[in-house]
1. Quick check on my filter: what residues within the range 1-51 are under 30 Å from Gln291 (Cβ atoms), surrounded by 17 or more Cβ atoms within 10 Å (Cβ to Cβ) and hydroxyl-bearing (Ser, Thr, Tyr)?
2. Which one of these does Phe56 not meet: (1) within 23 Å of the chain's Cα centre (by Cα); (2) in a strand (DSSP E or B); (3) at pLDDT below 95?
3. If I ask for residues that are in contact with a Pro (Cβ under 7 Å, 6 or more places away or on another chain) and hydroxyl-bearing (Ser, Thr, Tyr), which ones from the range 274-295 would you list?
4. For the range 162-178, check the following and say yes or no: at least one residue is closer than 17 Å to Val246 by Cβ and either at pLDDT below 95 or hydroxyl-bearing (Ser, Thr, Tyr) (or both).
5. Of all residues in the range 149-166, how many are under 12 Å from Glu189 (Cα atoms), in contact with a Pro (Cβ under 8 Å, 6 or more places away or on another chain) and surrounded by 13 or more Cβ atoms within 10 Å (Cβ to Cβ)?
6. Which members of the range 67-79 meet the condition of being touching a Leu at 6+ places or on another chain (Cβ under 9 Å) and either assigned to a helix (DSSP H, G or I) or hydrophobic (A, V, I, L, M, F, W, C) (or both)?
7. Every residue in the range 130-156 that is closer than 30 Å to Ala271 by Cβ and at pLDDT below 95, please.
Amino acid sequence: MISYEFQTKDDVLEFLSEAEDIKFVIIASSDILGDLRGFSIPSYKVEDALKDGKGFDGSSIEGLVRIEESDLIAKPDPKTFRVFPWKYGNHRVGMMFCDILNPDGSHNEGDTRYVLKRILEKAKNMGFDNFYVGPELEFFLFPDDKTPKPLDNGGYFSMGADDPYAFLRQNIVLNLEKMGISSEFDHHEVAPSQHEIDLEYTDALEMADISMLFRFVVKETAKREGVYATFMPKPISEENGSGMHVHQSLWKGNKNMFFDPDDKYHLSDIAKKYMSGLFKNINEITPVTNQWVNSYKRLVPGFEAPVYHTWGQRNRSTLIRVPEYQPGKEKATRIELRSPDSTCNPHLSFAVMLSAGLDGIKNDYELPPPTEENVYKNNKNLKTLPEGLEDALELTKESDLVRETLGEHIFNKFIENKEFQIKKYRAAVGYEYDKKVSPYEIKHNLRRL
């Protein structure tokens with residue numbers, strides 16, 4: 001097992017000099033949609049890449065640059081070095097995430113990783129050293145990328161015959177461990193053929209990178225077993241959709257700034273203000289955390305997806321859940337935002353979540369009282385999430401918070417991409433909005449997500 005404690009370029013180079021079977025290293029990044037992009041270089045070229053970066057044409061990557069500004073530099077981050085757990089023929093392949101730079105060495109405004117770095121720096125300037133996140137990622141297993149047909153009849157926590165692909169989930173967990181990525185637990189989810197793996201919390205930048213890798217490892221592991229894994233939010237109309245519940249907390253040194261021993265919910269004023277900021281801004285950040293037309297087919301009452309602006313402790317119908325405090329576990333105090341799905345760009349999504357929370361802390365917004373009853377049965381006068389991407393996007397267009405968080409370039413490119421997506425969907429499906437999953441979504445989303 002590789003000990004993943006790489007900090008400097010010398011750490012990486014020393015490891016590669018001893019690992020003779022690692023012949024290539026992939027330099028990876030993310031486009032604005034959260035698609036993993038990358039190119040490989042021979043391992044003996046890694047030293048040059050770590051020193052000077054590697055030039056590439058960025059004009060064909062969604063959201064980076066215009067065609068007349070195509071020359072960019074990929075500068076690998078040695079702290080992100082990992083080795084894929086499987087062999088490609090007789091050799092192995094390593095990988096690193098990179099920062100995207102302009103030819104003059106400045107950060108490129110289309111680099112989504114840099115967006116998150118900027119907001120983390122803002123949090124540090126407000127007195128918070130770390131923004132920790134721990135996502136719960138759900139996905140389906142199907143026969144192929146064209147047929148959303150369940151491979152089992154299992155339900156929540158099913159075992160044995162009703163969970164025939166438990167071994168595949170466990171193989172995914174083992175593959176992640178070989179890459180230095182820790183999970184909390186895995187299980188069969190509510191819907192047939194639906195699964196969940198929860199990742200152990202870490203700093204937001206590292207977790208955004210890990211979330212990108214997670215999706216890749218899940219799909220690759222499934223492919224090697226002859227099935228198809230999809231993170232499509234709602235592939236089957238009659239079943240629960242797949243989300244990405246995001247646990248989050250702010251820290252100063254070794255102190256969890258969300259914990260208060262004297263509060264009924266053990267939540268500090270900072271935690272409550274953070275939550276108030278999420279509620280204040282949630283509708284306008286939702287197109288970033290839920291970026292597909294199909295995302296809103298999941299966000300409907302009756303399928304365990306959050307719809308209403310409520311929070312509570314044990315209540316899993318709320319938008320924000322506060323996991324119940326266990327004595328002596330103050331470091332585990334956190335809040336869980338339940339609306340995002342894992343087809344988002346995690347760097348941008350974690351950035352807008354943090355920005356929303358910091359906005360609540362800065363402006364001292366008031367947190368509404370908790371709700372412990374089932375809000376699907378008693379939802380009078382409750383504010384809701386947008387019903388569709390089109391409605392949500394109109395709010396985002398007017399959002400100073402999202403514009404400032406993403407930066408002018410990514411903000412405009414993101415809006416442009418979503419408008420094009422809506423136009424294509426409307427041309428195929430029509431203007432009558434239907435919560436049922438359309439054949440168009442199966443054709444265009446199932447394969448890519």
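1. Ser29, Ser30
2. The one condition Phe56 does not meet is (1).
3. Within the range 274-295, Thr286, Thr289, Ser295 qualify.
4. Of the range 162-178, the ones closer than 17 Å to Val246 by Cβ are none.
No; the residues of the range 162-178 include none that is closer than 17 Å to Val246 by Cβ and either at pLDDT below 95 or hydroxyl-bearing (Ser, Thr, Tyr) (or both).
5. Of the residues in that region, 3 qualify.
6. Result: Leu72, Ile73, Ala74, Pro78.
7. Once the filter is applied, which keeps residues that are closer than 30 Å to Ala271 by Cβ and at pLDDT below 95, the range 130-156 yields only Tyr156.
Condition check ((1) closer than 27 Å to Ser182 by Cα; (2) out of contact with any Leu (no Cβ under 6 Å at 6 or more places or on another chain); (3) free of Cβ contacts under 8 Å to residues at least 40 places away in the same chain) across all residues:
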residue: Asp203; (1), (2), (3): yes, yes, no
residue: Leu213; (1), (2), (3): yes, yes, no
residue: Thr221; (1), (2), (3): yes, yes, no
residue: Pro233; (1), (2), (3): yes, yes, no
residue: Glu238; (1), (2), (3): no, yes, yes
residue: Lys272; (1), (2), (3): no, no, no
residue: Ile282; (1), (2), (3): no, yes, no
residue: Val288; (1), (2), (3): yes, no, no
residue: Pro301; (1), (2), (3): no, yes, no
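The values are calculated or read from the model by the stated rules, or taken from the named source; none is laboratory data. Everything numeric here is computed off the predicted structure, so don't read it as measured data. Glycine also receives a Cβ, built like all others from the backbone with ideal geometry; neighbour counts cover every protein chain displayed.
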